[in-house]
1. Just checking, how many residues over region 38-65 are open to solvent by 30 Å² or more (accessible area, probe 1.4 Å) and either farther than 18 Å from Gln86 by Cα or not in a strand (DSSP E or B) (or both)?
2. Given (1) modelled with pLDDT of 80 or more; (2) exposed (fewer than 14 other Cβ atoms within 10 Å of the Cβ); (3) more than 50 Å from the chain's Cα centre (by Cα), identify the lone condition not met by Pro9.
3. Any idea how many residues of region 241-254 are small (Gly, Ala, Ser) and either open to solvent by less than 10 Å² (accessible area, probe 1.4 Å) or over 24 Å from Ala329 (Cα atoms) (or both)?
4. Could you tell me whether any residue of region 314-329 is out of contact with any strand residue (DSSP E or B) (no Cβ under 9 Å at 6 or more places or on another chain) and within 30 Å of Ile253 (Cβ to Cβ)?
5. Which of the helices (runs of 4 or more DSSP H) contained wholly in region 168-240 include at least 3 residues that are open to solvent by less than 60 Å² (accessible area, probe 1.4 Å) and closer than 17 Å to Leu310 by Cα?
6. For region 324-348, name all the residues that are within 14 Å of Ala242 (Cβ to Cβ) and open to solvent by 50 Å² or more (accessible area, probe 1.4 Å).
7. Return the total of residues in region 13-37 being of a type in the set (Phe, Trp, Tyr) and surrounded by fewer than 16 Cβ atoms within 10 Å (Cβ to Cβ).
8. Report every pair of residues separated by at least 6 positions or lying on different chains whose Cβ atoms are under 7 Å apart, first residue within region 218-236 and touching a residue at least 12 places away in the same chain (Cβ under 8 Å), second among the hydroxyl-bearing types (Ser, Thr, Tyr).
Amino acid sequence: MHMEPRRNPNSMDRPPAFTLQRPLPGELTIVLSGAWTLHAHPPPPADLLAALDKTVRCLRFTCDALETWDTRLLVFLKTILETAEQRHIDVDRTGLPPGVLRLLTLSEAVPEQVTYSQPDREFLVTRIGRQVLTLVGQACELATFTGEILLALLHLLTGKKPFKPRDFLYFIQNCGVGSLPIVSLIAVLVGVILSFVGAVQLQMFGAQIYVANLVGLGMVLEMGALMSGVIIAGRIGASYAAQLGTMQVNEEIDALRTMGISPVGFLVLPRILALMLMLPLLCVYADIMGILGGSLIGVTMLDLSLVEYLEQTRKTIQLSQFGQGIMKASIFGILIGFAGCLRGMQCGRSALAVGEATTSAVVTSIVLIVVSDSFITYLLYR
């Protein structure tokens, strides 16, 4: 840092001043003198700016008589330098103090403040082209990510271990046992809602017993797998995206690649397999809790015995229908793990990007769940 020479505190600093010299034609030298501090009143730069006319091709500085300086001098020099740049005048800064040179360089290195303005209107063809290029890039990323998952799965099937077994067991515990409380609450409430809605209509015809059919089929075919998938998407899918996104910010994934370890096999594959295995079990658990929740309305409001309600449910549900819900849940688990890990691997290197990746993972998972559920249901009924 530039250190000014110590001065006698009893001495009086001369006021700031500048003089102009023209040693050669086309050259202008500014001689700075006195103390250029915030406590002093510098001369106005109007005369100096007026001297920077078309006849001046080179501007120099002389600071031999300069005593002390602070930001007052920097502001003055910035005004002169900006005017010289606008008028295409070459500036020789070698005569300035080293500290002033460093601070001027630092001030010019700071990027200009970005102001957000309304973007210029583009032609329709240009906008369509940009969207097509974006979609092609996303499709390439999706295909690459899918291929890496398949390769990691192939290595696992051939006897290689791309991930640690204890990590896999941790993911199973996290998305399985750790999700039981919230799944229990939602499944029971869904069963109560289905039973109550059915009871309102079936009581009009004296067919209260068929509430068991409605709740049983609704939970087994659709609601058990669907609600479990939505819960896991919000709880586990977002967690996976945040974990991998944070690893991207901390450059941990780059470190794995540097060590020759596949990030997809080490981080993504165990998460997807854990969800694929545990979500069907959660679906079965949600089916049971939903049926029990429906039995609360059947026993308390419809005067049905618990044995009668459960017997009617057993007669209604077939094993193929039960397997249909389990198959959906397994597919939902793959989609949730895929979406969460994909958004996490695509995350940028900032805290804002991690939040956006987490939100995108939840939205993508829920959309994939609903679309795939509709498609599978259509195929099965066809």
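1. Of all residues in region 38-65, those open to solvent by 30 Å² or more (accessible area, probe 1.4 Å) come to 38-39, 41-47, 49-50, 53-55, 57, 60, 62, 64-65.
The next check asks that each one be either farther than 18 Å from Gln86 by Cα or not in a strand (DSSP E or B) (or both); those that pass are 38-39, 41-47, 49-50, 53-55, 57, 62, 64-65.
The qualifying residues number 18.
2. Here Pro9 clears every test but (1).
3. Of region 241-254, the ones small (Gly, Ala, Ser) are 241-242, 245.
Keeping just the survivors that are either open to solvent by less than 10 Å² (accessible area, probe 1.4 Å) or over 24 Å from Ala329 (Cα atoms) (or both) gives 241, 245.
Summing the residues that are small (Gly, Ala, Ser) and either open to solvent by less than 10 Å² (accessible area, probe 1.4 Å) or over 24 Å from Ala329 (Cα atoms) (or both) in region 241-254 gives 2.
4. Start the filter on region 314-329 by keeping residues that are out of contact with any strand residue (DSSP E or B) (no Cβ under 9 Å at 6 or more places or on another chain), which leaves 314-329.
Still in the list and also within 30 Å of Ile253 (Cβ to Cβ): 329.
Yes, region 314-329 has at least one match.
5. Numbers: elements: 180-202, 211-218, 224-232.
Because the criterion is at least 3 residues that are open to solvent by less than 60 Å² (accessible area, probe 1.4 Å) and closer than 17 Å to Leu310 by Cα, the helices (runs of 4 or more DSSP H) in region 168-240 that meet it are 180-202, 211-218.
6. Arg343, Gln346
7. Of the residues in region 13-37, the ones of a type in the set (Phe, Trp, Tyr) are 18, 36.
Now drop any that are not surrounded by fewer than 16 Cβ atoms within 10 Å (Cβ to Cβ), which leaves none.
Here the count works out to 0.
8. From residues that are touching a residue at least 12 places away in the same chain (Cβ under 8 Å), the pairs are Ile231/Ser179; Ile232/Ser179; Ala233/Ser365; Arg235/Ser179.
The values are calculated or read from the model by the stated rules, or taken from the named source; none is laboratory data. Small disclaimer: the values here were computed from a predicted structure and weren't measured. All Cβ positions, glycine included, derive from the backbone under ideal geometry; neighbour counts span all protein chains shown. Accessible surface is based on the protein model in full, side chains and every heavy atom, while ligands, DNA and RNA are left aside. Shrake-Rupley method; radii C 1.70, N 1.55, O 1.52, S 1.80 Å.
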